[in-house]
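Input: a single structure, listed below in structure tokens.
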Amino acid sequence: MILVVDDDKSIRLSLKLILERNEYEVALAEEPKEAIRIIRDTPAVELVLMDMNYSHESYYTSSTDGEEGLTLLKQIKVFRPDVPCILMTAWGSIDLAVRGMRAGAFDFITKPWDNGVLLERIETAKEIQNSSQRSGGTKSINSKFKVNPGTTSSEAEKLGVRLPSLSNIYATVSRVAPTNAPVLITGESGTGKELIAEAIHRQSRRANGPFVKVNLGGISSSLFESEMFGHKKGSFTDAISDRVGRFELAEGGTIFLDEIGELSLTSQVKLLRVLQDQTYEVLGDSHTRRTDVRVICATNADLRQMVKEHTFREDLFFRINLINLHLPPLRERRKDIPPLVEHFLREACLANKISSVTASDDAIAYLQTLTFPGNIRELKNLVERTVLMHAPATSQLIPADFASHSAPAVAPSVFPEGPSATLDNLERAAIAVCIQKHSGNLSLVAKELGISRGALYRKIEKHGL
């Protein structure tokens, strides 16, 4: 049963009609006091659709600042913490919806709503809630899906390696993948965020659809709309032909927005609008288009801290952070190093047609002492370098083999001299040296060079690195 709480009779009846046509049982409440009575007396309530403001003076206050709705939400969570609540608010009251999300709401929709979007949000909430109940969880739908550490997934086999520390992650992937819930994957560079995003797509109902990857750090604010939504020929000076946007390319599938923390505030507003209404406009075309895309985001930035610093919109953060998967750095999961090394050794030998090579126990112990700022990516590079330099001269690698390649030296000759020592060539060489020094960890590269990741991406593309 779905409980609809709104003081506007026309809205209550409209929602009742829509929901009953889609075979949902519906209960209606005009004010918070009536809603609480239904929540306490009706165990069949599985979801609440609720307004944030009520005009009646008989309960709480007569103001329209949303305090009534927030109080009602908190009371519902006291009586029925397992019941997801979807807030209904005007677009101009997004800040109020964000306060509701912080108070435990599952999601929010803006008035006037799109029936398709509304039904999809309801279905997503119910699917995740049912999944949580099947797994024996008693927490609310906003829990981080803690599960039995022994749970595993076929995704481990797809990657060719079973990592003990990621069993929880793969179990969560299996539970949320069939839904349309937005997912935010966090963790340092090189921890495998893109692989997790692909795993979610493979297990979703959209597996036969496209999986479109977008590196937001490499897109300037001026090109954001053109890249994401497309443009028509002649819509601006350099628009010499029509361009299909990334959201259109991902139609019916999944769009993976990597490095979302690099998005400018202006672009964040444009993205929020699409995620909220599932509509967009192609540059140069006034026709509004609908999009049917599942959104997965990733970042190595601390978005919560960025929200506090007002460099990332709080409403966008709550929109993309319905489900959060955090991938710890490799230095915190040293028990994953042995299976990873074995996997990378096997891959390197097969790729280079080299006889099988193993790593001694002492070599594994040595690798477990390293910090690996580049995480799994750095470990993979180290293993591959060591195999290429020492196999097939030896069938077993020892600590000294890995130690000689763990911090590759950079020859001074990489910097151009004489007539070729132009500013562009020197810049290219400096970036290349820094990338090699940090084993491809672009966050560390950008930090050392004193530029943003977005600027670094553009320079890498400019110099063909």
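Brief remarks follow.
- Under the span-like rule (Cα at least 27 Å along the axis, Kyte-Doolittle mean at least 1.0), DSSP H helices of the chain: none
- Cross-link pairs beyond the 32 Å C-alpha cut-off, checked among Lys111/Lys447; Lys126/Lys335; Lys126/Lys193; Lys213/Lys308; Lys335/Lys437: Lys111/Lys447; Lys126/Lys335
- Computed on the Cα atoms alone, the convex hull of segment 154-328 gives a volume of 117 cubic angstrom per residue.
- Peptides 386-393, 255-262, 103-110, 79-86 ordered by average Cβ neighbours within 10 Å, highest first: 255-262, 103-110, 79-86, 386-393
- DSSP beta bridge pairing in segment 154-328, given as percent antiparallel to the nearest 5: 20
- Here the simple spin-label model places points 7 Å from the Cα toward Cβ, and for Leu426 and Val269 these points are separated by 4.1 nm.
- For the chain, adding -39500 (n - 2.57) for each run of n ≥ 4 DSSP H residues and dividing by the number of residues yields -13000 deg cm²/dmol at 222 nm.
- Here the simple spin-label model places points 7 Å from the Cα toward Cβ, and for Ser452 and Lys213 these points are separated by 2.3 nm.
- Contour minus Cα-Cα distance for Leu350 and His326 (0.36 nm per residue): 5.5 nm
- Dimensions of segment 2-134 from C-alpha coordinates, computed as largest minus smallest value along each principal axis and given longest first, are 39, 30, 25 Å.
- Between Phe108 and Leu87, the built amide H atoms are under 5 Å apart, and every one of these is 5 or more places off in sequence or on another chain.
- Relative to its Kirkwood radius, the Cα radius of gyration of the chain gives an Rg/Rh of 1.03.
- Segment 418-465 and segment 178-256 have Cα centres spaced 25 Å apart.
- Put a plus charge on the Cβ of each Lys and Arg, a minus charge on the Cβ of each Asp and Glu, and nothing anywhere else: the dipole of the chain about its Cα centre is then about 860 debye.
- Sites Arg334 and Leu283, calculated FRET efficiency, Cβ-Cβ separation with R0 56 Å, nearest 0.05: 0.70
- Hydrodynamic radius of segment 331-403 by the Kirkwood approach over all distinct alpha-carbon pairs: 12.0 Å.
- Reachable aspartates and glutamates, given that their alpha-carbon falls under 19 Å from the alpha-carbon of Lys353 and they are not under 8 places away in the same chain: Glu342, Glu384
- Efficiency of FRET from Cβ geometry, Asp82 and His463, R₀ 56 Å, rounded to 0.05: 0.55
- Only beta bridges with both residues in the chain are counted; by DSSP, about 10 percent of them are antiparallel.
Readers should treat all values here as calculations from the given coordinates under stated rules, not as data from a laboratory. Source: prediction; values computed, not measured. All Cβ positions, glycine included, derive from the backbone under ideal geometry; neighbour counts span all protein chains shown.
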